[in-house]
1. Cα gyration tensor of region A:78-231, axes a ≥ b ≥ c as square roots of the eigenvalues: rounded (a/c below 1.5), prolate (a/b > b/c) or oblate?
2. What's the exposure ranking of A:His93, A:His270, going from fewest to most Cβ atoms within 10 Å?
3. Send over the Kirkwood Rh of region A:134-195, from the inverse of the averaged 1/r over different Cα pairs, rounded to one decimal Å.
4. Rounded, prolate or oblate: pick one for region A:1-103, where a ≥ b ≥ c are the square roots of the eigenvalues of its C-alpha gyration tensor, a/c under 1.5 means rounded, and failing that, prolate if a/b is larger than b/c, else oblate.
5. Using label points projected 7 Å from each Cα along Cα→Cβ, tell me how many nm separate A:Thr88 and A:Asn102, to one decimal.
6. Under a cut-off of 12 Å between alpha-carbon atoms, report the aspartates and glutamates in cross-link reach of A:Lys200, not counting same-chain residues fewer than 8 places apart.
7. Could you compute the net charge surrounding A:Glu139? Neighbours are other residues with a C-beta less than 15 Å from the C-beta of A:Glu139; K and R count +1, D and E count -1.
8. Choose one answer from A:Ala152, A:Ala194, A:Ala219: the residue with the largest mean-square fluctuation in a GNM of chain A with alpha-carbon springs under 10 Å.
Amino acid sequence: MPELPEVEVTRRGLLAPLSGRTVVRVSWSAHRLRGPIPRKLLQEHIAGQQIRTIDRRAKYLLLRMVNGAVLVIHLGMTGKLGLIQGQTTLHKHDHLVLHLDNGLDVRFNDSRRFGSIVVWPPDHAAQLEADFSRKEGLEPFGPAFIADNLLALARGRRVAVKSLLMNSRLIAGIGNIYANEILFAARIAPQQPAHLLTEKEWGRIIQESRRILQLAIDAGGSSISDFLGVSGHPGYFQLQLAVYGRKDAPCPRCGQAILKTIQGGRATYHCPGCQPHVE
DNA sequence: CAATATACCTGGATGC
DNA sequence: TGCATCCAGGTATATT
């Protein structure tokens, strides 16, 4: 599920309920996620500590503690964070629980276990965050997400523009759903080699990226199969998807049938009428 | 450097 | 009802 909008919806849902709260206890499952759950670091730097604020970088949530530690959470494909009464029975695939001082739990549930949980200890947090952030791409809502920079990123790269949009080391937060939607809105074929795009076309991509990601955040994200916000409510942006998952359906703009192709192993949807492939 | 494959996992949909 | 197969929002790593 979770691309930038779903992660941001999660952040916003948790921010007020968690700010200033203390994590009285942390518990976890026996499974590993993408990496092992850092039990020792959780015990040492998160348990008993107060939460200061929650930020997002790329598709990662950063829970900043008052002691300077940072709990870094990635939702993978199926991860969800829920806020729930502490006495509720554990659900299958609950892998991390932050027990709060008001009787509520923050529960991380992830059936496929592609998510990750990392703790940056207070003494190294600044350095670890700098190293981490350097490896992540431009934030679509950030000041560096401008046509000049994208033109420079694409220079000499023959990769398809969709693959470039989804390359998290170059651009942060855009995954398969939103890459398809953004390119449709910008009227650019997904398989177009990135280095051939003009400054004007990058301008459209920037504008449509921001517009669509913002609409999706406002709609509470896209719930394709199982994304839920922190209160257990689904998002509704999937109802507004123009091309993703709509193979053979009529294009909302011109009525032509939406094509499904495979690009880099990922399902790609586009309208051949509105997104002509130019050589 | 680019494109592709593989790996990590579970579960839902589909087809027989 | 059962079983096999395919597919899914992500990312890291290996291979060609």
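1. In terms of gyration-tensor shape, prolate.
2. Final ranking by Cβ density, sparse to dense: A:His93, A:His270.
3. By the Kirkwood definition, the hydrodynamic radius is 11.7 Å.
4. rounded
5. 1.5 nm
6. Answer for A:Lys200, where 12 Å is the Cα cut-off: A:Asp148, listed by chain and number.
7. Taking every other residue near A:Glu139 into account, the sum is +3.
8. Looking only at A:Ala152, A:Ala194, A:Ala219, the largest GNM fluctuation is found for A:Ala152.
Coordinate-derived values only; no laboratory data. Computed from a prediction, not measured in an experiment: that's the story for all the values here. We place every Cβ from the backbone using ideal geometry, glycine too, and count neighbours over all the protein chains shown.
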